[in-house]
Amino acid sequence: MTEKKQYKASQEEMINLDEYKFQPIKGFPMLNWRGKRPFTSTQYYPAQLKEIYGTEVDDWRNKIYWGDNLQVMSHLLKEFRGKVDLVYIDPPFDSKADYKKTIQLRSKQIQNDHNAFEDKQYNDIWSNDEYLQFMFDRLILIRELLSNSGSIYLHCDWHQGSYLKIICDEVFGANNFLNEITWLYKTGGASKDKWARKHDTLLFYAKSAGNHTFNPQKERSYMMHTYGFKKSDFKIDEETGLQYSMVYCRDVWELASVGSATSERVDYPTQKPEILLERIINASSNEGDLVLDCFMGSGTTQAAALKLGRKFIGADINLGAIQTATKRLIQEISNIKEQTNEHPLLTIENNNLLQERKYFEGLEVYNVNNYDVFRNPLEAKDLLLQVMEVSKLDQGRFFDGEKDGRLIKIMSTGRITTKADLNEIISGFDYKAFERRFANNPNSPVEKITLVCMGHEPDLAAVLENEVLPYKIDVEVVDILRDKQDLQFKRDSEAEIIIQDKRLIIDQFYPMNLLQKLSMQKEKVTDWRELVESVMVDWNYDGAVLQPETVDIPEKNELVKGKYKIPEAAGTIRVKITDLLSETMEMDLQYD
């Protein structure tokens, strides 16, 4: 593994945003929550280019960022402020649920009781104030990135949809609200005590209504009457024999969700169907436009944008999302190349030539901060307490542990800690105990606290200390990304890779965390390929950026090859192996 550099944004690298103030406006309702604060500036966070796939088209490669999207969008502001044409986001719904991915071995050769298991990918559990500030900050950054003709679709449901609508009115302006779109789907059963929930909501806003891009879309309507239509308007559906007419899409969309048997399914939690994103992208952008999805997930937005000839930027904090989306996009690029060899740059529909289309096939993958400290963020709290030798407190206590007379609080490890995250701590303090301690010793801190986080806003300790005045508390902030790089939170994978007869041969591969999940010793691995998602090889690695020329991504029921012919001009060889947990191992070899 190459050594990863740490970056810290300085106070001088602040980027000013439009100011959002909270004075009541006559006739304009505003949503308030505990600790609501303006978001008027953000720090610049450098990004590190890690991987390159494909070639540039018109000096552009699509971009995927692994990191907290607040940091990613802060990074993007320098180059892309006012340049994004369309944003679609499918953010957390505050569903109070854990989302899991089923991990299954690629064949049945390995004899083990755990050939499949569920691995937690992320959780969607928030305090209300924390969630609202989280979304408020990110919507402000999205507004800054949008072009004057740009628009945003915010995907939500009944959990927080009504609050998000008010926040969007405040950030984008109520006069820029265009539609509340209902997406109907058929999954799920009936409810015994209420109407079955069978829809999500899309909030559609423009940066500047009237100046926004919009291309009306049509769909089939199977109407039982002919009101407003001539008989000649109707056609016959060859599959069903039913009459239909083509009508402009309305604000209720009945589109199928991602079925278990569909080819686009990648088994990622909360995956959305491509047909949904295709409608949005076709309607609210033009070919060559730039599309952003900063809650990328499985990469559906990016896959649809790629096929429709748009540029795209994607971001996600979850390593599984980055690996899943990257793999998916590499396969889509390969499919497009195969389809366009016969008719380069042409789009075909029903055997009728429609138009030329340019595909932006290049892809770059970046890191913003190093969020690969943990194998899985959901396991981070227990790992932190264990590795930092913290004594756990009883379950149900607000703080997580105690060490050297300090109370330890593990903050979210899936994003940076903000001042809004302090609200829960402030409300959880025992102020009666503070009063007693202050009376006994007014010159000493009434509490000593250590906050452990994965990146944080500046002045976090000072803000918390000021909130409890006149009581004095001693606050220490430990940033794992900056302060504790010597701690080891996960076991590295092992591999045996050799060069023989001008071939690169992966002889063995032991993904230690995956084997632990499978309750398996590495000596029991009979075919390492059953544990592998993909193999990529850069035959002339420059020591910084992986540019794979060999990409081995098998179909679901197939295995990677494991043996690869070495080109004559090969030099330093970089091998990247990704296992079923989306963890990677990279190794260098020298070819003489």
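The values are calculated or read from the model by the stated rules, or taken from the named source; none is laboratory data. All of these numbers come straight from a predicted model, not from anything done at the bench. Methodologically, a virtual Cβ is constructed for each residue, glycine included, from the backbone with ideal geometry; neighbour enumeration extends over all protein chains shown.
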Legend entry - Cβ-Cβ under 9 Å pairs, at least 6 apart or on other chains, segment 412-438 side not assigned by TED's automatic domain parsing to the domain that holds N128, far side part of a helix (DSSP H, G or I) and of a type in the set (S, T, N, Q): R415/N69; R415/Q71; I416/Q71; T418/Q133; K419/Q133; A420/Q133; D421/Q133; N423/Q133
Inset, instruction - Could you give me the residue pairs with C-beta distances under 7 Å whose first residue belongs to segment 84-98 and is in the same structural domain as R310 (by TED's automatic domain parsing), whose second residue is basic (K, R) and at pLDDT below 95 wherever it lies, and which are 6+ apart or on separate chains? - result: D90/K272; D98/K120
Legend entry - Identity of the residue in segment 86-145, among the β-branched types (V, I, T) and in a loop (DSSP other than H, G, I, E, B), that ends up modelled with the lowest pLDDT: I110
Legend entry - Checking N62 against (1) within 23 Å of T413 (Cβ to Cβ); (2) modelled with pLDDT of 85 or more, the condition it does not meet: (1)
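Yes/no per residue for (1) more than 15 Å from V72 (Cβ to Cβ); (2) not β-branched (V, I, T):
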position: L276; (1), (2): yes, yes
position: I280; (1), (2): yes, no
position: T301; (1), (2): no, no
position: A304; (1), (2): yes, yes
position: F312; (1), (2): no, yes
position: A315; (1), (2): no, yes
position: I322; (1), (2): no, no
position: E332; (1), (2): yes, yes
Inset, instruction - Give just the number: which of (1) under 22 Å from E144 (Cβ atoms); (2) at pLDDT below 85 does K165 not satisfy? - result: (2)
Inset, instruction - Looking only at segment 211-265, count how many residues are of a type in the set (V, I, T), under 38 Å from the mean Cα position of the chain (by Cα), modelled with pLDDT of 80 or more and not in a strand (DSSP E or B). - result: 2
Inset, instruction - Please verify whether segment 315-333 includes one or more residues that are buried (at least 23 other Cβ atoms within 10 Å of the Cβ), assigned to a strand (DSSP E or B), under 27 Å from the mean Cα position of the chain (by Cα) and at pLDDT 75 or above. - result: yes
Legend entry - Qualifying residues in segment 340-378 (those that are of a type in the set (D, E) and at pLDDT 70 or above) - the one nearest to I52 (Cα to Cα): E364
Inset, instruction - Could you check P548 against (1) over 26 Å from the mean Cα position of the chain (by Cα); (2) not in a strand (DSSP E or B) and say which number it fails? - result: (1)
Inset, instruction - Take Y541 and decide whether it is crowded, with 18+ Cβ neighbours inside 10 Å and out of contact with any helix residue (DSSP H, G or I) (no Cβ under 9 Å at 6 or more places or on another chain). - result: yes
Inset, instruction - Just name the residue that is surrounded by the most Cβ atoms within 10 Å (Cβ to Cβ) out of those in segment 1-47 that are at pLDDT below 80, out of contact with any Phe, Trp or Tyr (no Cβ under 6 Å at 6 or more places or on another chain) and small (G, A, S). - result: G35
Inset, instruction - Show the residue pairs that are 6+ apart or on different chains and have beta-carbon atoms under 6 Å apart, the first residue being within segment 498-517 and farther than 13 Å from I577 by Cβ, the second being crowded, with 17+ Cβ neighbours inside 10 Å. - result: K502/I566; N513/R375
